[in-house]
Amino acid sequence: MPDRLKVPAARAAGIFAIFISLPAVVGLLGDEPSAARVIAVGVALVVFMGFFFHAVRGRMVIKPAPLVARAVAIDAVIASALTIADRSDWSLLFYYVVALAGIRLPRPWNIAAVPATAVIAGTASSADSSAVGGLVLSLLGIGAAMVAMGEIMRTNRELVDARAEMARLAVADERARFARDLHDLLGHSLSVIALKAQLARRRLPDDPETAAADVADIEAVTRDALREVRQAVSGYHRPALDAELEGARTALGAAGIHTTIDRPAVALPPDVEAVLAWTVREAATNVIRHSGARNSAIRLVGALAQASVEVVDDGHGGDGSDGAGTGLLGLEARVRQAGGRLEAGPRDDGPGFRVRAIVPVGSER
């Protein structure tokens with residue numbers, strides 16, 4: 001809502017104050033009062049309005065209940081004193097009291113304060129019995145409207161707080177996604193670069209041509225990593241499964257790990273394929289960095305209801321998570337976000353480690 005359309009409660013109350021208090025002020029001046037009477041009434045009104053505006057101002061600010069209750073009690077006493085001791089017209093001040101109680105007091109105190117204020121106003125105005133009934137009924141009606149308005153204001157505050165919390169959670173989720181992307185992207189690419197650099201260093205004295213090819217591979221992997229990081233920063237990165245399978249074969253082969261890949265010719269939705277591609281990348285990186293394996297296998301299974309990818313090795317195991325809570329922890333969050341589940345642990349059929357991601361496809365998702 002534009003700021004020019006917002007009318008704070010204190011400003012609105014100030015506008016209505018002129019109209020509500022005008023009859024009593026005109027009546028007071030018509031009595032040709034003494035200076036002492038004018039000063040006493042003026043001081044009482046200043047104190048009354050001071051407590052009222054202090055408790056009512058701030059449309060989106062929750063005032064402490066004791067502060068509001070104190071303002072309601074003091075203003076009720078002042079309104080009663082002026083009504084009894086000066087003029088019955090000052091009973092109009094009870095409209096302020098009932099409005100303050102209905103809007104600012106929390107439930108159930110606001111519901112109880114409205115009839116209590118009406119009773120006090122009727123008692124203070126009992127000298128003018130002809131107007132007591134109308135005053136009490138009008139205070140009850142306005143009080144009920146103020147209670148409803150107070151509930152609307154509280155609901156609006158809760159909605160604003162909920163929107164702020166949703167925005168904060170969205171930022172936190174985006175940060176987590178970005179951290180996972182960078183970990184998965186750079187972890188894999190840097191592992192390949194380190195392996196290629198080691199190979200180039202060993203081959204350089206005796207086989208400079210092969211070492212030069214390794215350096216060229218390092219350059220290509222570096223350029224790909226830079227491109228993927230830029231895409232991740234832009235939020236558009238979605239890895240391709242076939243490219244990740246080929247990259248895993250190359251990286252594992254460079255590490256001296258023989259790899260077999262079972263990739264059936266099955267088409268998968270892009271979002272499902274992306275999750276499986278992230279799984280291949282992270283699992284292959286973990287095999288290189290943590291397993292000490294000699295052999296590994298990557299198997300893809302596609303079906304109408306779900307698709308899965310499995311990466312196994314014959315090493316000494318290792319979950320690939322570090323102290324910062326990344327690795328498979330981030331991959332698990334990514335798979336869970338896609339509606340699937342991640343299984344990671346030692347193999348049942350022999351030594352080694354197994355990582356398997358299962359993601360629903362089509363209507364199952």
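Please say if the range 84-205 is rounded, prolate or oblate, where rounded means a/c under 1.5 for a ≥ b ≥ c the square roots of the C-alpha gyration tensor eigenvalues, and otherwise the choice is prolate for a/b larger than b/c and oblate otherwise? Numbers along the way, then the final one.
Working: a/c = 9.45, a/b = 7.47, b/c = 1.27.
Prolate, because a/c is 1.5 or more and a/b exceeds b/c.
Per Stokes-Einstein, at 37 °C and 0.692 mPa s, what whole-number D in µm² s⁻¹ belongs to the range 48-154, with the Kirkwood radius over Cα pairs as the hydrodynamic radius? Display every interim value, and only then the final one.
Details: Rh = 13.5 Å.
My calculation gives 243 µm²/s for D.
If you take all other residues with their beta carbon under 12 Å from the beta carbon of Ile193, and give Lys and Arg +1 and Asp and Glu -1, the sum is -2.
Compute the Kirkwood hydrodynamic radius of the range 164-208, taking the inverse of the mean of 1/r over all pairs of distinct Cα atoms, and give it in Å to one decimal. Computed over the range 164-208, the radius equals 13.2 Å.
The share of accessible area on the range 178-296 that comes from carbon and sulfur is 55 percent, using a 1.4 angstrom probe.
Of interest is the spacing of the C-alpha centroids, which for the range 164-191 and the range 42-86 amounts to 52 Å.
The charge dipole of the range 89-223, taken about its Cα centre with unit charges on the Cβ atoms of Lys, Arg (+1), Asp and Glu (-1) only, comes to about 280 debye.
For the range 169-283, what does the alpha-carbon gyration tensor say about shape, rounded, prolate or oblate, given a ≥ b ≥ c as the root eigenvalues, a/c under 1.5 as rounded, and a/b over b/c as prolate? Judged from the Cα gyration tensor, the range 169-283 comes out oblate (a/c at least 1.5, b/c at or above a/b).
The charge dipole of the range 144-192, taken about its Cα centre with unit charges on the Cβ of Lys, Arg, Asp and Glu (plus for the first two, minus for the last two), comes to roughly 80 debye.
The values are calculated or read from the model by the stated rules, or taken from the named source; none is laboratory data. These numbers were taken from a predicted model, which means no experiment stands behind them. With ideal geometry, Cβ positions are generated from the backbone for all residues, glycine too; neighbour counts draw on all protein chains shown. Keep in mind that these areas ignore ligands, DNA and RNA; they rest on the heavy atoms of the full protein, side chains included. Shrake-Rupley method; radii C 1.70, N 1.55, O 1.52, S 1.80 Å.
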